[in-house]
1. How many residues does region 101-131 contain that are surrounded by fewer than 19 Cβ atoms within 10 Å (Cβ to Cβ), more than 27 Å from the chain's Cα centre (by Cα) and part of a helix (DSSP H, G or I)?
2. Can you tell which of 185, 260 is exposed (fewer than 15 other Cβ atoms within 10 Å of the Cβ), out of contact with any Gly (no Cβ under 8 Å at 6 or more places or on another chain) and of a type in the set (Asp, Glu)?
3. Please note which helices (runs of 4 or more DSSP H) are completely contained in region 259-333 and include at least 2 residues that are charged (D, E, K, R) and touching a residue at least 12 places away in the same chain (Cβ under 8 Å).
4. Any residue at all in region 2-9 that is in a loop (DSSP other than H, G, I, E, B), within 27 Å of the chain's Cα centre (by Cα) and touching a residue at least 40 places away in the same chain (Cβ under 8 Å)?
5. Quick check: is even one residue across region 58-80 in a loop (DSSP other than H, G, I, E, B), among the polar types (S, T, N, Q) and on the phi > 0 side of the Ramachandran plot?
6. So residue 442 fits all but one of (1) surrounded by 12 or more Cβ atoms within 10 Å (Cβ to Cβ); (2) under 15 Å from residue 347 (Cα atoms); (3) without any contact (Cβ under 8 Å) to a residue 60 or more places away in the chain; what number is the exception?
7. Out of all the residues in region 42-72, which are over 18 Å from residue 142 (Cβ atoms) and among the aromatic types (Phe, Trp, Tyr)?
8. Looking at 216, 265, which is the one that is in contact with a strand residue (DSSP E or B) (Cβ under 8 Å, 6 or more places away or on another chain), farther than 23 Å from residue 505 by Cα, crowded, with 22+ Cβ neighbours inside 10 Å and modelled with pLDDT of 95 or more?
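The values are calculated or read from the model by the stated rules, or taken from the named source; none is laboratory data. Model, not experiment: these values are computed from the prediction. Virtual Cβ from ideal backbone geometry, glycine too; neighbours counted across all protein chains shown.
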Amino acid sequence: MAKELQWPDYVLRAIKSGPIPARTNWRKTGAKTRGERVCSFIEKHLKLPDGKHGGQQFNLIPADECFLLAVYDNPAGTKRAYNSRARKNNKTTLISAIVLAHLCGPERVPRASIYSGAMTKEQAGIVATTAAKMVAQSPQLSSMVRVVPSSKRLVSLTNGSEFKSMARDGPAAMGLNGRIVILDEVGSIDGESGQDDFVDAMTSCTGAWDDAIIFAVSTQAASDSALFSRWLDDAERAGDPQTVCHLYQAESGCDLLNEEQWQLANPGLNLSRSYEDLKSQLTEASRLPSKEANARVLLLNQRVQRNNAWMSSSVWKGNMQPYDMDVFRREGAVMGLDLSMVNDLSCACIAAKDVDGSVHVKVYSFSPLDGLHDRSARDRVPYDRWHADGHIYAPPGKTLDYDMIADYLRIQMEREGIMINAIHFDRWKSKEFFAACDRVGFAPHAERVDVGQGYQSFSPRITAAETYLLQGKIKAGNQPVLNLGISSCVITSDASLNRKLDKTKSANKIDAAVSFVMAIYPLIAQVDTPIDVAAMVG
């Protein structure tokens, strides 16, 4: 019994702020708390409106149950509630159930206004229609609620409360006075401003109610600058107890076909969300780079720039055969070095060419130990877990000590018997690093090659890397920091169509990818096989 009352791991991982509610056996013992009464109302009085399970009694999935209990049983009182998950996970159905709980269920109060704000008239119509279908399927609710389809309204016949579904592209949302405001698919508002007049009007209309709640239920936006992204990030950082934030997303840089990741973004998988449909779409996206970015945003609920992505995961996966340390020992290695700010992620990649023409690569990553957990939360990347698993060397302190890094690399190369023949580096902080190398005796005979990071210097390196990657001639193993860098890269071009990896536009840290491109170039610079760039970019 105790095991049945534990929340699934994917639910617990989604809780970014607000309480972790107790999972009680309320279905058998009777609803007692406010949240349990809401859950009980939904399962007792509402039926699913349509789809494969249309007409069946509502059965809350664990993600919905946990969210509702967190919102309504919050000891601090909930002011804002965010729920983000991949598409086709019954977000609209959840919104409609919340609407009816406040219109004619246990949360009803006299003369209250309940609003849902959708981003389009079509979506607003879906919300109103879904709620109306739920009412129509219940004789008890049908006697309590009048549906007005022409104005997308539902009106309580017992206490004067009203629900109205509004659209961003409809009439101006002025003069509203809402107790409950539910924003549907606010993640579709992208752009740099992080602000929207319609959303501002909706969220500022609750001042007359002390117990007002603003809900936002949406798939994530693609960029960090988007309005919904800022809300989610602020909720996680600030830890405001009055903000409930449940974010279901796959891990950054994960393989599209890693089924363990699907549940993290799709809490309704095999319940409200079709497994076969999800598998079909992700399989297609793994083959067609042009669909990968959209698939990551919509199906895995990740923030991924949808344009100018450099590398498809299917191409990269074809280069993830294990590297062989003997190749580095036998041939010596070229090192690519990309140093970051001293309190961030830095990477060194070693590369060596085997007799069969393949290039083997291994990445060494560094980040200061102090604040590692906070940076993991900030970037939504498990640096702390990767450190525990040995993928990141995290020396003590708040900043990177270059002597410590240089000595670490010296020890690793001596232990493996690897000679560093050359170091190709970005000049950022290179003086300080090489001074440390000289002090500790790391790679004293290696040639030091300054690599410009602009279009003209980097474009031929990108082209050469693409050639080898398309031919499947890189052996990179499964290195999570490098996987993250490759999956996050965004390409920008100048007027002459020279290209570079753009850190400012990339979805996440690409230091490992930059060091990788620099490391392999001296080994493959003579290749001239034509490449099909269109097969690689989205």
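1. The qualifying residues number 3.
2. Numbers: 185 fails: exposed (fewer than 15 other Cβ atoms within 10 Å of the Cβ).
260 is the lone residue from the list that is exposed (fewer than 15 other Cβ atoms within 10 Å of the Cβ), out of contact with any Gly (no Cβ under 8 Å at 6 or more places or on another chain) and of a type in the set (Asp, Glu).
3. On the way: elements: 259-265, 275-287, 289-298, 313-317, 325-331.
Where helices (runs of 4 or more DSSP H) fall fully within region 259-333 and carry at least 2 residues being charged (D, E, K, R) and touching a residue at least 12 places away in the same chain (Cβ under 8 Å), they are 275-287, 289-298, 325-331.
4. Taking region 2-9 first, the residues in a loop (DSSP other than H, G, I, E, B) are 2, 6-8.
Among the residues that remain, those that are also within 27 Å of the chain's Cα centre (by Cα) are: 6-8.
Remaining after also requiring touching a residue at least 40 places away in the same chain (Cβ under 8 Å): 7-8.
Yes, region 2-9 contains at least one residue that is in a loop (DSSP other than H, G, I, E, B), within 27 Å of the chain's Cα centre (by Cα) and touching a residue at least 40 places away in the same chain (Cβ under 8 Å).
5. No, every residue in region 58-80 fails to be in a loop (DSSP other than H, G, I, E, B), among the polar types (S, T, N, Q) and on the phi > 0 side of the Ramachandran plot.
6. For residue 442, the exception is condition (2).
7. 67, 72
8. Details: 265 fails: in contact with a strand residue (DSSP E or B) (Cβ under 8 Å, 6 or more places away or on another chain).
Answer to the check: 216.
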